[in-house]
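Peer 1: Quick one: the structure is below, questions incoming.
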Number of protein chains: 2
Amino acid sequence: MNVSEAVLRELVDLGVEVCFGNPGTSEMHLVASFDRVGGMRPILGLFEGVCTGAADGYARMAGKPAATLLHLGPGLGNGFANLHNAKRASSRMINLVGDHATYHRKYDAPLQSDIHAIAKPVSDWIGDPVSADDALAKTRQAFDIAMRPNGGLSTLIVPADIAWSEMTGIPQHHTAKAKRANSVDLKLVREAAAALRSGEPAALLIGGHAGLERPLALAAAIAEKTGARLFADTFVPRLARGRGRARPDRVPYLGEMAVMMMQGFRHAVMVGTKAPVAFFAYPNKPSTFLSPACKTYQPWDNDNDVIDVLTALAEEVGATVAPIPAAGALPDVPTSGKLNVESFGNAFAALLPEGAIVSDEAVTSGTWAQIASQSAAPHDWLALMGGAIGDGIPMAVGAAVACPGRPVINLQADGSAMYTIQGLWTAARENLHVVTVLFNNKSYGILNMELDRVGATAQSERSRSLLSLDKPVIDFTAMGRAMGASAVRVDDAGAFAMAFKRALAEPGPHLIEAMMV
Amino acid sequence: MNVSEAVLRELVDLGVEVCFGNPGTSEMHLVASFDRVGGMRPILGLFEGVCTGAADGYARMAGKPAATLLHLGPGLGNGFANLHNAKRASSRMINLVGDHATYHRKYDAPLQSDIHAIAKPVSDWIGDPVSADDALAKTRQAFDIAMRPNGGLSTLIVPADIAWSEMTGIPQHHTAKAKRANSVDLKLVREAAAALRSGEPAALLIGGHAGLERPLALAAAIAEKTGARLFADTFVPRLARGRGRARPDRVPYLGEMAVMMMQGFRHAVMVGTKAPVAFFAYPNKPSTFLSPACKTYQPWDNDNDVIDVLTALAEEVGATVAPIPAAGALPDVPTSGKLNVESFGNAFAALLPEGAIVSDEAVTSGTWAQIASQSAAPHDWLALMGGAIGDGIPMAVGAAVACPGRPVINLQADGSAMYTIQGLWTAARENLHVVTVLFNNKSYGILNMELDRVGATAQSERSRSLLSLDKPVIDFTAMGRAMGASAVRVDDAGAFAMAFKRALAEPGPHLIEAMMV
């Protein structure tokens, strides 16, 4: 058995089942090993950003890592932006990066590059094995890092000569063991509990891994019991939403609004996240949102399970999880009218099926959908975490692979879609039930807003040309069909609702190009 | 005048005319400055890899840098692979990377990342200004690095608060000054000359900036005079080819062939390049091609102009540039028959117009076209230099922007095309005369070959699925049309020739999907 096969077998033994890859020559022995290692499903992405984004979506829904298979430094570079997003999502991932044979590195061949430099900003751990046995040991380490309570990104460099070398003896197999979380620091929990119960205005802010159903319910119970106001980060990697789930306020994206909303608090307790900061700096606007008079409490760290922390906090304040009252009636399904942010949002919320997973990269077009769907059927919502656009399509692919029985709805802005449009092909090839709602507004809508917000002005065609997607307008329906999706263009609310209903009813990949007014 | 405007003005004064960009919020002041700085043309790419690849193609044809405009670390990461290719091409480029305001960095906002780490492997110089004046000084440094005799990649980080701050006083403008090349080391030249004239088997190997018309002619004269055999690197950033140009032998991609071809030499003189090495390592195959008995000579370094070096070498051996005899008759234009590597190559060579620029990412489909076109009309050939696929479409865009009067033919493999397919849109928006010949063979053809070459075997559908592009077959004709190109599918040689002739005759973007057998 060669090292490639041993590494794949070890990953399978540890519970890793899927590999999103785009290999090249240096990974060919790993590729060949898929034939001999039955438990690992290889899935081809036509660009590495699709692979890393899909692994991110997979991890958020499966709670365990997928592997990626990337071709040297440039392949890792192509995957960089979605690794950045995955790291900001506290996702779990094991990147296998093929490299030149160790003895070939010194010749500075065309594909030679500094893999460590590229990997460092997006890795919690980098392994660079020096022998066959070391490769196997580092595979286990990579898994352990990925299974840390609040996620981990491992990058395992696999030189070609190690990949093709034979193992000495039969590798010992290990059964998967989840990394045990550290016990909760009860002193910090008590301080946080005291703050929440102080009678002074207090906020409980959740993010990271605390957006899942159980921790969210605990957080809601704590807030209910103590009178604290429950917030979720502007973006949460996976948020349990819909009927029966708590409805935390979202920290607004716009700093001015966030400051207004948060300035009155005297205590802020963070679980799974840190004190909120502005996404960008703007001239004469604050970088942080909490008042200087607000005391902050962070009764957790990366080695704690947020469920343990919230359970302890709930016990300390005497809170118990109780049913959440409904948010109000669902909107009616529109049967006609203009297709805009509001009518889309209503149709979406009314038709969203139970168990749906939403991959949200709608940017400016999805604002009402988020609000309207609070009373929709229970669903999970996956957000773009690192601000690097091009995550929506791949993340939908990964979520669909992780949860074959659940429809995935990808709310997708046009500008962002063009970053990793290749992901539509993978959804088609794997016949995934992904419904891509492609909002065509012919511009980077948010940037037109941001241009004004930073105090810059651009009157002429010249500057605005960098923010518009017209001339030529992209035909996303044709793009979808070209890559194997069933695709349709709609330009009124009734047509959208009909197309959406049909796409949800029929497994396989669909694209609905929503021409927004 | 704010720093954004001052930086753009400085670049224009230095002779930089084009900026390939995909900006975000942190670059909005730079975006707004395009309105006020007339001499700089902003060109939008829908993905940063398009921008960096286009800047590479531009630099190869213009001989001077374009700027790129990239959005923080992830934007730079998206551009990484084509920066890697550009660095391997010894191209000239100035990357402007927007960053958070300096005071905002400490808050670790979602888009914060280690820009230096990402930039380092693909930059010859990184500038991180700390003030308005420093930003201007570093802009000049960035240009100086890019104008080094054998190219340079500069990365200038532009924090938002520096970009929006006002210049104190009126910035002093500088006229462009080309970086002066160091004078040639005549001792090294004499040693190289002696080796070439020794009477023992000698090779003269050129690459890098020595592929242009003048240095190539000098190299051919030297080889002719001394009896040395003239080689060009397997891949050359820009090679002058066709009638009247020298025809250096190409160092074969396949190491076994390269070793056979090069093992007999006792002396090898390299200009613009280094001793050739294998692209990848393979079990039990050599990493280098020259015999251990071969002495190597490198009478140049990065601070020399290769024309100076070759001129000195020509003088030393008494060589003068003379007309190059023709290579033989051009093939006939096929009027029917199967469309395969050979019939395509014949049609291509016969129809290639004078002054054409070829952006070559054909991989397995372009082998015969390269040979057949040796006797075609004079043209320039741009190769993928760093092995990171996804350079062909962007490079064609950049070359067309640099040379508006010359048709650009992009020979494009299907697998590689999907890496930066978004570049078709930029070609359409800018109405560039780019003819993309898209070879659809429904696979990563070269990887099926490489799989066997590395000694790996993959019998089953499982492994092969990572190398094939069928299920579903991509409709590139529809993709091209969706992004504004005039597109047509052809599946025989006569139809290809007709479509190619038509596309060459009619300015604007064309895509010909060549269904290869």
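Laboratory data are not the source of any read-out in this text; all were calculated from the coordinates shown. Because the structure is predicted, anything quoted here is derived from the model rather than measured. Note: ideal-geometry Cβ built from the backbone for every residue, glycine included; neighbour counts use all protein chains shown.
Peer 1: Run through the other copies and list how far each one's label point is from that of A:MET260, in nm with one decimal, shortest first; the point sits 7 Å from Cα along Cα-Cβ.
Peer 2: Result, one decimal in nm: 7.7.
Peer 1: Please give the charge dipole size of chain A, origin at the Cα centre, charges +1 on K and R Cβ atoms and -1 on D and E Cβ atoms. Round to the nearest 20 debye.
Peer 2: 920
Peer 1: Can you give the % of DSSP beta bridges in the stretch A:186-317 that are antiparallel, to the nearest 5?
Peer 2: 5
Peer 1: Hey, got the dipole for the stretch A:186-317? About the Cα centre, +1 on K and R Cβ, -1 on D and E Cβ, debye to the nearest 20?
Peer 2: Dipole about the Cα centre, nearest 20: 360 debye.
Peer 1: Just to be sure I understand the model, the point goes 7 Å from the Cα along the line to the Cβ. What's the resulting B:THR335 to A:SER131 distance in nm?
Peer 2: Here the answer is 7.1 nm between the modelled labels.
Peer 1: Counting other Cβ atoms within 10 Å, which trypsin sites (Lys or Arg not before Pro) in the stretch A:235-327 have at most 14 and lie in a DSSP loop?
Peer 2: Hits after loop and neighbour filter: A:LYS274.
Peer 1: With both bridge residues required to lie in the stretch A:341-515, what share of the DSSP beta bridges run antiparallel, to the nearest 5%?
Peer 2: In the stretch A:341-515, DSSP labels about 5 percent of beta bridges as antiparallel.
Peer 1: Under a crude label model (7 Å from the Cα following the beta-carbon direction), how far is A:VAL321 from A:ARG41 in nanometres?
Peer 2: The two pseudo-label positions are separated by 2.8 nm.
Peer 1: For the stretch B:225-341, what does the relative contact order come out to in percent, with C-alpha contacts under 8 Å and a separation of six or more?
Peer 2: 26
Peer 1: Looking only at the stretch A:293-334, which residues have a backbone nitrogen under 14 Å from a spot 7 Å from the Cα of A:ARG266 in the C-beta direction?
Peer 2: A:293-296
Peer 1: Averaged over its residues, how many other protein chain Cβ atoms are within 10 Å of peptide B:476-482's Cβ atoms?
Peer 2: Mean partner-chain Cβ count within 10 Å for B:476-482: 5.
Peer 1: With θ taken as phi - 60° and the coefficients 6.51, -1.76 and 1.60, list the Karplus ³J(HN,Hα) couplings across the stretch A:46-51 in order, rounded to whole Hz; mark glycine and proline as x.
Peer 2: With coefficients 6.51, -1.76 and 1.60, one gets 7, 7, 5, x, 5, 5 Hz.
Peer 1: Right, next: Given +1 on the Cβ of Lys and Arg, -1 on the Cβ of Asp and Glu, and no further charges, what dipole in debye does the stretch A:3-164 carry about its Cα centre, rounded to the nearest 20?
Peer 2: In total the dipole reaches around 500 debye.
Peer 1: Projecting each Cα onto the charge dipole of chain A (Lys/Arg +1, Asp/Glu -1 at the beta carbon, about the Cα centre), which of A:LEU239, A:ALA163, A:VAL97 comes out farthest on the positive side?
Peer 2: About the Cα centre, the residue reaching furthest to the positive side is A:LEU239.
Peer 1: Hey, got the average number of other protein chain Cβ atoms within 10 angstrom for residues in B:106-116?
Peer 2: 6
Peer 1: Right, something else. Which distances, shortest first and in nm, link A:SER198 to the matching position in the other copies, using label points set 7 Å out along Cα to C-beta?
Peer 2: 8.3
Peer 1: Let me ask something else. Assume the label is 7 Å from Cα along Cα to beta carbon: what separations in nm does A:TYR107 have to the matching positions in the other copies?
Peer 2: The answer, with the shortest distance listed first, is 5.1 nm.
Peer 1: With n ≥ 4 as the cut-off for DSSP H runs, can you work out [θ] at 222 nm for chain B, using -39500 (n - 2.57) per run divided by the number of residues, rounded to the nearest 500?
Peer 2: It lands at -10500 deg cm²/dmol.
Peer 1: Right, next: Shielding of A:429-438 by partners, i.e. mean partner chain Cβ atoms within 10 Å per residue?
Peer 2: The per-residue average across the peptide is 1.
Peer 1: Okay, next question. Take peptides B:403-411, B:123-131, B:73-81 and line them up by average Cβ neighbours within 10 Å, highest first, as a rough protection proxy.
Peer 2: B:73-81, B:403-411, B:123-131
Peer 1: Turning to a different aspect of this structure: If I stretch the segment between B:LYS501 and B:ASP108 completely, what's the gain in nm (0.36 nm per residue apart, minus their alpha carbon distance), one decimal?
Peer 2: 136.0 nm
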